[in-house]
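Below is one structure; the comments refer to it alone.
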Amino acid sequence: MTETLIDRRRLLAGAGAAALAGCGEGERVRTGSASRQGLKPIDLSLDSLMRITVCVRPFRPVGPRLDVEALGAKTLVHSYGHGGSGWSLAWGSAEAAAALVLETSPASVAVVGAGAIGLTLATLIQRTGVPTTIYANEFPAETRSARATGVWSPDSRIALAPRAAPGFPERWEALARRSYARHLQYVGLAGAPVEFTPQFYVPAEEGWSRPEPEREDDFLHMRRRLAGLAPPWSDIAPEDHPFTTTETPRGGLGMVFNVAEYAHRLMTDFLLMGGAMVRRSFQEPADLAALAQPVVANCTGYGARLLFGDESLVPVRGQIGWLAPQTDRLYGVFHKQTSILSRRDGVVVQYVGPNDYFGYGIEDETPDREETVRAIKRVAPLFAPAA
């Protein structure tokens, strides 16, 4: 039971690939994987702390909403509530939502919301040649999606096991596989919007407190359905990692989203294809009905709780400390319930808690500096010189 929970938490460091690949115990990491002799230790000095951000993940216990309803004479398509999997599932969700949006062959489409889900959907629709306008109070760099951890985590807080509808795991798997394939199209592009970097899970030393027992209403974890999709993980030999530890890390390559560059790339593509963006806020569904487009896609994330009175949306607070970029050491580590991810736009430090209920039901987005300081102190000894 304990090991299962640890596996779930290390997903935030990209370690979900370990479960996906099913590689044998004791197998050495091959050249070109996470075996990188000479990896530099990540500098966790508080002097390089740039900022602290907090976002509320839009979680629905039954899973993301994807359906159609009438809004006066308009067609309204809902696509929101992806929890901590917004970027990871963005393309698969966009394909599913676009099929509903384009069902009536609309002359034009409005997408409300410019986060990961809305921006990706708008880009996909515009590619079909249908004129699309994004309406949003916050543009991509200002959204909650801009404050995401940035790892491939397609089942992060996606639904509660006892609440998900029959057939949801199969639908989720299709979304995840389609998303993964689309993300791969951005690997190798200028600015590295998507790339693979080494990721490590370093077990805590004996005596460290273990995760809490699972609750009866546990989150739905399905990444084993994607076995073989991502590069494999294996044990890392002492000479192949930079950590001060007597434990044996596991590691492999993990997909990373450089969120600032990825969002900028999508927005640029969307605008170059003729899409339009309008800054506008909406107070009630009637405001959407007043838009000129005959089909409206609601991709407002947690904002749908207020805009549409969706009480099924549950806030899940997540805080990130951003250290200055260290582009000569791009890799991630999960240790003592803390995720460290060195991305091109900064080193992301996040305490993820003992289980997925950490931050559950908390709407407050006020930064807590002490939370970040404690997170850094938990992991800093891994990068200290050996005694």
**Message:** Just to be sure I understand: if I project the alpha-carbon convex hull of region 116-189 onto a plane and average over all orientations, what area do I get in nm²?
**Reply:** 6.9
**Asked** Probe 1.4 Å, all protein chains in place: accessible area of Ser145 in Å², nearest 10?
**Response** 30
**Computed over region 293-387, the ratio Rg/Rh where both radii use C-alpha atoms and Rh is Kirkwood** = 1.11
**Message:** How charged is the neighbourhood of Ile134? Take every other residue with its Cβ under 12 Å from the Cβ of Ile134, and add Lys/Arg as +1 and Asp/Glu as -1.
**Reply:** +1
**Amide hydrogen neighbours beyond the local backbone of Val352, cut-off 5 Å, H modeled** = Thr338, Ser339
**Complete:** Kirkwood Rh for region 58-147 from C-alpha pairs, in Å, is 13.3
**Complete:** Across Val77, Val278, Val151, the residue with the highest GNM fluctuation in the chain (Cα network, 10 Å cutoff) is Val278
**Request:** In whole angstrom, note down how far apart the Cα centers of region 236-287 and region 45-122 are.
**Result:** 15
**Request:** Divide by every residue of the chain the summed helix terms, -39500 (n - 2.57) for each DSSP H run of at least 4, and state the resulting mean residue ellipticity at 222 nm, rounded to the nearest 500 deg cm²/dmol.
**Result:** -7000 deg cm²/dmol
**Fill in**
Judged on accessible area alone, 1.4 Å probe, highest first, Leu313, Leu100 line up as Leu100, Leu313
**Asked** Can you list the GluC sites (Glu not before Pro) in region 215-256 that are in a DSSP coil and have 16 or fewer other beta carbons within 10 angstrom?
**Response** Glu216, Glu247
**Item:** Heavy-atom SASA rank of Met255, Met267, Met50 (probe 1.4 Å, accessible area, largest first)
**Value:** Met50, Met267, Met255
**Fill in**
Rounded to a whole %, the carbon-and-sulfur portion of the accessible area of the chain at a 1.4 Å probe is 52
**Request:** Could you do me a favour and compute the accessible area per residue for the chain, 1.4 Å probe, result in Å²?
**Result:** 40
**Prompt:** Could you name the lysines in cross-link range of Lys377, using Cα to Cα under 20 Å and dropping any fewer than eight places away on the same chain?
**Reply:** Lys40, Lys336
**Message:** Over the chain, what is the relative contact order in percent, taking alpha-carbon pairs closer than 8 angstrom and at least six residues apart?
**Reply:** 30
**Prompt:** Which of the helices in the chain, when you take each full DSSP H run, stretch at least 15 Å along the axis at their Cα atoms and have an average Kyte-Doolittle score of -0.5 or higher?
**Reply:** 86-101, 116-127, 259-272
**Asked** Could you list, bin by bin from short to long, the percent of Cα-Cα pairs of the chain in 10 Å steps?
**Response** 5, 24, 33, 24, 10, 3, 0, 0
**Request:** Could you tell me the accessible area of Glu365 in Å² (1.4 Å probe, neighbours in place), rounded to the nearest ten?
**Result:** 60
**Request:** Quick one: order Thr366, Thr246 from most to least accessible surface, probe 1.4 Å.
**Result:** Thr246, Thr366
**Prompt:** Pick from Gly167, Gly361, Gly115: which is most flexible by mean-square fluctuation in a GNM of the chain where alpha carbon atoms under 10 Å apart are linked?
**Reply:** Gly167
**Prompt:** Among Ala97, Ala159, Ala292, which one moves the most in a GNM of the chain with springs linking Cα atoms closer than 10 Å?
**Reply:** Ala292
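The values are calculated or read from the model by the stated rules, or taken from the named source; none is laboratory data. None of these values were measured; they are calculated from a predicted model. Here the Cβ is made from the backbone with ideal geometry for all residues, glycine too, and neighbour counts use every protein chain on show. For accessibility, only protein heavy atoms count, side chains too; no ligands or nucleic acids. Shrake-Rupley method; radii C 1.70, N 1.55, O 1.52, S 1.80 Å.
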